[in-house]
1. Answer with yes or no whether Leu18 is within 10 Å of the ligand (Cβ to nearest atom), more than 23 Å from Val113 (Cα to Cα) and surrounded by 15 or more Cβ atoms within 10 Å (Cβ to Cβ).
2. Do any strands (runs of 3 or more DSSP E) lying entirely in region 1-101 carry at least 1 residues that are touching a strand residue (DSSP E or B) at 6+ places or on another chain (Cβ under 8 Å) and over 22 Å from Asn177 (Cα atoms), and which ones are they?
3. Which one of these is surrounded by fewer than 16 Cβ atoms within 10 Å (Cβ to Cβ), away from the ligand (no atom under 14 Å from the Cβ), acidic (Asp, Glu) and under 17 Å from Met172 (Cβ atoms): Glu45, Glu13, Glu23?
4. For region 56-66, name all the residues that are within 16 Å of the ligand (Cβ to nearest atom) and within 17 Å of Pro84 (Cβ to Cβ).
5. Exactly one condition in (1) buried (at least 20 other Cβ atoms within 10 Å of the Cβ); (2) within 21 Å of Ala173 (Cα to Cα); (3) outside the structural domain of Leu15 (by TED's automatic domain parsing) is false for Pro84; which is it?
6. Which residue pairs have Cβ atoms closer than 8 Å, lie 6 or more positions apart in sequence or on different chains, and pair a first residue in region 62-80 that is at positive phi with a second residue that is crowded, with 18+ Cβ neighbours inside 10 Å and part of a loop (DSSP other than H, G, I, E, B)?
7. Mind counting the residues in region 67-80 that are buried (at least 16 other Cβ atoms within 10 Å of the Cβ) and more than 8 Å from the ligand (Cβ to nearest atom)?
Amino acid sequence: MHRIVPLVASLQEHLDRLTGKPEDYRPAACPSCGLGRPWCHGHYERKADRDDGRFNPVPVPRYVCRRKGGCGKSCSRVPSCLPPRRWYLWSVQRAVLVCLLSGMSLRKCADTVGCILGPSQRTIRRWWRWLEARHALFSFRLLDREPEWGRAVQWRDFWRRALAQEELRELMAYLDNQELIVP
Ligand SMILES: [Zn+2]
C-alpha cells in the first residue's frame, strides 16, 4: 500500500531522517488516486517505543492530495522499523518468529523471548498463525525478489531462509510496496 519507507532500521534513524531528509518520506504519487506528489500535512503521534519510551511520542508524517483533480485524501508514511498496524516493532516480531521457526514451542518462546521483549503467549501465537496463513501470498511475491528461497520445501523452511538473509521489516516494506496489506 506504499505506506512503508524502506531501510529505516531504528526509531533514532527515523527521527534523524525525518529532520535531515524529509523528502524520503513524501510519496511519489497519491496512493489513492495516483496523481502527483501529495503535500505535507503535519504528522500524527504514535507510542512506538516499547523499550524505555525515550522516543515517544514518535511522529508519523502525513500527506494530503491537493492536486487539481486529485482525490483530496490524506495518507501517512511509517519508517520500515515501525509496523503500520501492530504495536510491537518488527525487530521484536522477528526475534519471536526466528525462535519459533527454529522449533521452540509457543510456551517456551513466551517464557523466554516474550518475558524480555513483552509480547504475551497469545500475541506470539497470533503472529505465528498470521505468518502461516499469509505464507502462500507473501512467498509468491517474495520469490520475485529472491528466487533462491523457492528451494524451501515447506513454509517454515522458506521463512527460516528468508529471515536468515533479510530483516523482517524490509521484507514487509517490500510486500507493502507490492500493494499487499501488512499489519
Ligand atoms: Zn489523490
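1. no
2. By residue number, 39-46, 58-64.
3. Unique residue meeting the criteria: Glu13.
4. Matches in region 56-66: Arg62, Tyr63.
5. Only one criterion is unmet by Pro84, namely (1).
6. Taking only residues 6 or more apart or on different chains, the pairs are Gly72/Cys65.
7. Selection size over region 67-80: 7.
Okay, residues lined up against (1) without any contact (Cβ under 8 Å) to a residue 24 or more places away in the chain; (2) under 17 Å from Arg85 (Cβ atoms):
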{"position": "Ala28", "(1), (2)": "yes, no"}
{"position": "Pro38", "(1), (2)": "no, no"}
{"position": "Tyr44", "(1), (2)": "no, yes"}
{"position": "Arg54", "(1), (2)": "yes, no"}
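The values are calculated or read from the model by the stated rules, or taken from the named source; none is laboratory data. All figures in this text were calculated on a predicted structure; none of them were measured in a lab. Every residue, glycine among them, receives a Cβ derived from its backbone with ideal geometry; neighbour counts consider all protein chains shown.
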